[in-house]
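Presented below is the structure to which this report refers.
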Amino acid sequence: MRQKFLVSAAVGALICGPVSAADGAWLTDPVTDCQIWNSGEPSPHERISWNGACIDGKAVGRGTAVFWDDDGLEARYDGDMNNGKADGYGVIWVRNEEMTGYDLYEGSFLAGEIDGEVSISTYDGYEFSGEFLDGSDSAVGQLISPDGWMMQGEIVDGKMVGSAFVYFETEEGEQYAGAAENNEKHGVGSMISPDETSYVGEFENGSPSGLGFFEDPTKGSRFVGQFASGSPNGVGTALDADGVAYQGRFLDGIPDGTILVTQADGSQSTELWQNGSKVE
């Protein structure tokens, strides 16, 4: 039942951003001699063209910067510049590492770095909207994958941290919607397993723990009550396919101790269960 909410490598790259605090370099437009700061690692033989104002040899105001190298168009920035660096509102298209397309970043910049609110759309279909924190090391917002899973919270190094809300569906068919913490199901949520069983209730460290409701439609059985470590553990009520209810304490899903049995017609009796078996 454990499901890590690891973000793919492509989405992890979003948290690095196209403009970061890494070592950069000044690039000069060969036509205007105007310089623009590239805060990433320049590509070999990288060149630039700037369409806008230039003061003291640095790009300023609103304009368009186009970056290219021996592999073709690398990036394009449309937006505000100050002293040769992206500063203010801007939109930038950046070629992805696989060189299969371009990722789009739109939002606010400060001294050449993403700062504050931003929206990101990757070529392979990931969508992020939120706010970058501490330069571009982490972000808080909503991330949606191409196949529809979603996380809402803080992301650091491509991984969710702290409390968040998530929705996902695995390749095996497990679905989960609810609270999560430190990259695991934690809090109130709803889960449907590949075998079509479902659980709604509290989770702790990735497993059903606390009060919850479990249903197995293939067997026609249900349980409502206390869970621990993924199984009924504690006081609860189990209902079988024939409508017979078992009320009492359960241990790892098995009745334990004195159990009140209520038949479908309303008649009642008690059973004694010990060590996983009914005592005759």
Q.
Anything in segment 207-229 that is part of a loop (DSSP other than H, G, I, E, B) and within 21 Å of N275 (Cβ to Cβ)? List them, or say none.
A. S229
(Q) Tally up the residues in segment 198-232 that are over 28 Å from L143 (Cβ atoms), of a type outside the set (G, A, S) and in contact with a strand residue (DSSP E or B) (Cβ under 9 Å, 6 or more places away or on another chain), please. (A) 12
(Q) Just to check your reading of the model, which residue among E204, E171, E184, E215 is free of Cβ contacts under 8 Å to residues at least 12 places away in the same chain and under 28 Å from M151 (Cα atoms)? (A) E171
Q: Report, by residue number, each residue of segment 250-269 that is more than 23 Å from P217 (Cα to Cα) and touching a Gly at 6+ places or on another chain (Cβ under 9 Å).
A: D256, G257, T258, I259, L260
Q: Sort out which residues of segment 204-224 are crowded, with 19+ Cβ neighbours inside 10 Å and more than 30 Å from the chain's Cα centre (by Cα), and write them in order of number.
A: F223
Q: State whether the residues of segment 260-271 include one that is closer than 20 Å to W149 by Cβ, in a strand (DSSP E or B) and in contact with an Asp or Glu (Cβ under 6 Å, 6 or more places away or on another chain).
A: no
Q: State all residues of segment 48-94 that are of a type in the set (D, E) and within 34 Å of the chain's Cα centre (by Cα); if no residue qualifies, say none.
A: D69, D71, E74, D78, D80, D87
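Any read-out appearing in this document is the output of simple, stated calculations on the displayed coordinates, not a laboratory observation. Everything numeric here is computed off the predicted structure, so don't read it as measured data. When we count neighbours, we look across all protein chains shown, and the Cβ atoms used for this are built from the backbone with ideal geometry, even at glycine.
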